[in-house]
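Below is one structure, written out as C-alpha cells; the observations come after it.
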Amino acid sequence: MALPYAIGLGLLVALPMLAAMALAFTEFNSIQAPRFTGLDNFSRLVGDDAFWRSLGNSLIYILIAVPLRLVAAVGFALLLHRRERGIGAARAAVYLPSVVPDVAYALLWLWLLNPLYGPLALALGSYSPDFLSEPWGARVGIAVMGAFQVGEAFVIALAARRMIPGPLYEAAAVDGASPWFTLRRVTLPLMAPIMALLALRDVILSLQVSFVPALVITGGGPRYATTYLPLYVYQSAFRYFRFGYASAMTISLFVLTAVVIYVQYRLARRYRLI
Amino acid sequence: MSVTVRAVSKSYNRRKREPVAALRGVDLDARDGELIVVVGPSGSGKTTLLRCVAGLEDPDEGRIEVAGRDVTDLSSGDRDVAMVFQEYALYPHLSVKENIGFGLRARKVDASEVGSKITGAAALLGIEDTLDRRPVELSGGERQRVALARAIVRAPSAFLLDEPLSNLDAELRAYMRAEIRGLQRSLGTTALYVTHDQIEALTMGDRVAILRGGRVEQFGPPAEIYDSPANTFVARFIGTPPMNVVPMALLGDGSSGFAGIRPEDLQTTAPAAGRLSGRVIHEDALGHEVIVHVAVTEEVLLARARRDAAPGLHAETGLTFADSDVYRFDADGKAL
C-alpha cells in the first residue's frame, strides 16, 4: 500500500536530493556536462557577499514572520474555538488564504500594496507609504503577507485549544480568575508544547515560503533587501546557469535548517515544552 | 453562611427540538454550617442545580442567595463559593502547591499570606509531602485531597461538591466520606453535595434533597426520608435493596393504591405459612446474607434472608410481614 508513496518519494524527493548533493561538487551550466570541482563551490560561498546577505535576509524573515504567524494562528484559534453560530464560516475564512495558489496570493498583495491604485493607498490617501520601495517596508510587508497564510497552524492550534478540558476554565472562573489571568496561567501554558512544535515547523517553512513573494512582488529588491536564500539559489541556477553553485547553497540551506531545528528542539526539551 | 435557592428553573434549548427542562421551580435552603446532599438519578438536574449555584449556568427563573446576598446575577468568582469538580479539574501543568494557591493568586492575595494558607490547607488534608509534585504523579485519593485543599484554602462561604467520590474505589470512597464530613464539620462551612449514591446521601447529609426530573421530590433529614418517604419514587430510590412497591390488591386490600415493604421487613417462611407465596427466581449472595427475588403472581418481591435460612433457587417460599411495616401510597404514588 505504501509502494506508490515510496515510488513518489524516491522519484520526486530522494533522487533530486541526491542529484543536488552530487552537483554541489561540480561546475554545471546545463549545457555542458558537469565538471568535478571538489569543494570549490563551498569555498566560493564563504567569500560570496551576496550569499551572506541573502542568508541574513532569510534569518531576518524568520525573526519577523515566525512570531507573527504563531501569534496569528494562536490568536485566531483562541477567538474561534467555541461552537457558535457562524463559526464554521469564520474558520473557513481564516483557512482560505492558505489554499490560494502562492503566485495568485502574491499578485493579490502586489495589488493591495500598490502605492498608486491599491486599496491601502486609496484608503490612506497622501499618507499612504510605499512599502515595497523601502527595504524594511518590503521585508515587513512580505512577512505580514505570510501571517495570513496560517491555515494549517490555525487548525493545529485550534485542536490544541479544544483539547484543554472545559472544567479547568470553570474551576478558574469559580476561583475568581480574570480572563487575562486564565489566558496567562492556563491556556498559554497548556498550549505551549503545540506552540513550540508550530514554531519548529514554521522555521522550516519560513525558509521556503519567502520564495514566491520575493520572486513575484519585489524581485528580490529593493536593493536586495528581500533576496532570501531560496531566491538567490533560484537566481544562481536559472538566471546565471550555475547549477553546481546553487546546489552547494541548497546543501548549506539544508544544514542551516537542521542546525536551527536542533537548537529549537534542545530549547524546547530544556523548558519541558516537548 | 446559608445558601438559598428560590424557585429556580432552567431549560436547555435543543436545535429543532423541544427545550429540555433541567430544573423546575426548585426550592432549597442550606442553613449555616449544614451539609445538604442533593441526590437523584442521572438527568434529575442535581448537577445543573449545583452549577446554577456556582454561577456556571444562568437560571431562567428564580433567585440564588449565598450568605444572605442575592448572587443570581453575579459571576462565579464574585459569589464566594468554592467548587470541587467530579474530575477534580486540577491544572496538569502546575504543582500541587500552585494548584492549591491558584485562586489566591488570581485574587491577588499577598504573596506572604499565600504560602502560609497553602501550607495550612495541605496540612489539614495530609498532603504536605506532595506539594512539589504534579497531578499526574498523584493517586486518585491524593488528587481528591488536592481538589479539596484548593476549595478550603479560600475559606469561602460555601462548598459545592459535584460527585467528588465517584472516581474512587469503594474502600477509599468509604474512607473519604468520613474524612469530608469531618472536615466540613470542623470548618463549619455550609456545603452542597451532589451525588447519585444514596449511601453518601444517608450517611453524610444533615438534610437530603431528592431530585427527579428537575423537581424536589422530598427534602428532609436522612431518617425522615428513609422512614417516611413522600412518594413511591423516594421509597424505591432510598434503601438498598430498594423497597418493594406493589399494588395494594396483592395484599388483599381492595383499595387502588400501592403498598411498600422494605426487603428487611419481609421474612421467608414455609409456603403455607406466609401471607404471600411465590417461587424464588433469583438470589444475590452477599456473603452474610442472601437477597431472594420471589415471583408472586406478576410481581417480583425482594427479601433479605440469612444465608443458612435462604429457601434456595427455584424453591417455593412464603413471605411474612407486619402490617406496621407496610407503607401506603395512593394511586398517584403519594404517601398516605
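The values are calculated or read from the model by the stated rules, or taken from the named source; none is laboratory data. Not measured: the values here are computed from a predicted model. Quick reminder, even Gly has a Cβ in these numbers, built from the backbone with ideal geometry, and neighbours come from all protein chains shown.
Structure values in brief
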| quantity | calculated |
| --- | --- |
| Answer residue from segment B:121-131, given it is over 29 Å from the mean Cα position of the chain (by Cα) and part of a helix (DSSP H, G or I) and is surrounded by the most Cβ atoms within 10 Å (Cβ to Cβ) among those | B:Thr130 |
| Pick from segment B:79-95, criterion within 12 Å of chain A (Cβ to nearest Cβ) and not hydrophobic (A, V, I, L, M, F, W, C), ranking: surrounded by the most Cβ atoms within 10 Å (Cβ to Cβ) | B:Arg79 |
| The listed residue being part of a helix (DSSP H, G or I), among the acidic types (Asp, Glu), under 26 Å from the mean Cα position of the chain (by Cα) and modelled with pLDDT under 95, out of B:Glu142, B:Glu87, B:Glu113 | B:Glu142 |
| Filter result for the condition that a residue is away from chain B (no Cβ under 14 Å), farther than 19 Å from A:Ala77 by Cβ and in a helix (DSSP H, G or I), over A:Leu200, A:Leu132 | A:Leu132 |
| Some residue of segment B:105-114 being under 26 Å from A:Pro193 (Cα atoms), surrounded by fewer than 16 Cβ atoms within 10 Å (Cβ to Cβ) and away from chain A (no Cβ under 14 Å) | no |
| Test set (1) modelled with pLDDT under 90; (2) surrounded by 18 or more Cβ atoms within 10 Å (Cβ to Cβ) - B:Ala249 fails condition number | (2) |
| Test result for B:Val96, of a type in the set (A, V, I, L, M) and in contact (Cβ under 8 Å) with a residue 40 or more places away in the chain | yes |
| Meets criteria (assigned by TED's automatic domain parsing to the domain that holds B:Ala155, in contact with a Leu (Cβ under 9 Å, 6 or more places away or on another chain), outside any strand (DSSP E or B) and under 21 Å from A:Val186 (Cβ atoms)) for B:Leu56 | yes |
| Single match in A:Ser206, A:Ser236 (criterion: at pLDDT 90 or above, assigned to a helix (DSSP H, G or I) and at negative phi) | A:Ser236 |
| One residue from B:Ala178, B:Ala122, B:Ala147 being touching a helix residue (DSSP H, G or I) at 6+ places or on another chain (Cβ under 7 Å) and either at negative phi or within 13 Å of another protein chain (Cβ to nearest Cβ) (or both) | B:Ala122 |
| Sole exception among (1) of a type in the set (Phe, Trp, Tyr); (2) touching a strand residue (DSSP E or B) at 6+ places or on another chain (Cβ under 9 Å); (3) farther than 17 Å from B:Arg31 by Cα for B:Tyr175, by number | (2) |
| Test: residue in segment B:88-103 that is closer than 30 Å to A:Arg272 by Cβ and of a type in the set (S, T, N, Q) | yes |
| Pairs, first among the acidic types (Asp, Glu) in segment A:197-208, second part of a helix (DSSP H, G or I) and crowded, with 19+ Cβ neighbours inside 10 Å, C-beta under 6 Å, six or more apart | A:Asp202/A:Val66; A:Asp202/A:Arg69 |
| Matching residues in segment A:119-161 - criterion: being free of Cβ contacts under 8 Å to residues at least 24 places away in the same chain and crowded, with 18+ Cβ neighbours inside 10 Å | A:Ala121, A:Phe131 |
| Lone unmet requirement of (1) touching a Gly at 6+ places or on another chain (Cβ under 9 Å); (2) modelled with pLDDT of 90 or more for B:Leu168 | (2) |
| Which numbered condition B:Thr72 fails, given (1) assigned to a loop (DSSP other than H, G, I, E, B); (2) among the polar types (S, T, N, Q); (3) within 28 Å of B:Thr203 (Cβ to Cβ) | (3) |
| Test: residue in segment A:42-51 that is of a type in the set (D, E, K, R) and under 16 Å from the mean Cα position of the chain (by Cα) | no |
| Unmet criterion (only one of (1) in a helix (DSSP H, G or I); (2) loosely packed, with under 14 Cβ neighbours inside 10 Å; (3) among the aliphatic types (A, V, I, L, M)) for A:Leu110 | (2) |
| Qualifying residue in segment A:219-233 (condition: more than 30 Å from B:Glu98 (Cα to Cα), of a type outside the set (Lys, Arg) and at pLDDT below 85) | yes |
| Close pairs (8 angstrom Cβ cut-off, 6 or more residues apart or separate chains): touching a residue at least 12 places away in the same chain (Cβ under 8 Å) and under 16 Å from A:Leu122 (Cα atoms) in segment A:96-112, assigned to a helix (DSSP H, G or I) and among the β-branched types (Val, Ile, Thr) anywhere | A:Trp109/A:Ile217; A:Leu110/A:Val216; A:Leu110/A:Ile217 |
| Qualifying residue in segment A:163-182 (condition: away from chain B (no Cβ under 14 Å) and surrounded by 15 or more Cβ atoms within 10 Å (Cβ to Cβ)) | no |
| Yes/no for A:Leu231 being touching a residue at least 60 places away in the same chain (Cβ under 8 Å), crowded, with 16+ Cβ neighbours inside 10 Å and out of contact with any helix residue (DSSP H, G or I) (no Cβ under 7 Å at 6 or more places or on another chain) | no |
| Those residues of segment A:21-52 which are in contact with a strand residue (DSSP E or B) (Cβ under 9 Å, 6 or more places away or on another chain), within 26 Å of A:Gly220 (Cα to Cα) and in a loop (DSSP other than H, G, I, E, B), in sequence order | A:Phe28 |
| Number of positions in segment B:53-78 that are facing chain A (nearest Cβ under 9 Å) and under 21 Å from B:Pro164 (Cα atoms) | 5 |
| Residue within segment B:91-104 that is assigned to a helix (DSSP H, G or I), more than 17 Å from A:Ala173 (Cβ to Cβ) and in contact with a Lys or Arg (Cβ under 7 Å, 6 or more places away or on another chain) present | yes |
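So that you can scan it fast, the table gives a plain yes or no per residue for (1) in a helix (DSSP H, G or I); (2) assigned by TED's automatic domain parsing to the domain that holds B:Arg31:
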| site | (1), (2) |
| --- | --- |
| B:Ile180 | yes, yes |
| B:Leu183 | yes, yes |
| B:Leu202 | yes, yes |
| B:Ile210 | no, yes |
| B:Ala272 | yes, no |
| B:Gly278 | no, no |
| B:His282 | no, no |
| B:Val290 | no, no |
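Yes/no matrix, rows are residues, columns are (1) closer than 17 Å to B:Thr232 by Cβ; (2) touching a Lys or Arg at 6+ places or on another chain (Cβ under 8 Å); (3) not aromatic (Phe, Trp, Tyr):
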position: B:Leu286; (1), (2), (3): no, no, yes
position: B:Glu289; (1), (2), (3): no, yes, yes
position: B:His293; (1), (2), (3): no, no, yes
position: B:Leu302; (1), (2), (3): yes, no, yes
position: B:Ala305; (1), (2), (3): no, no, yes
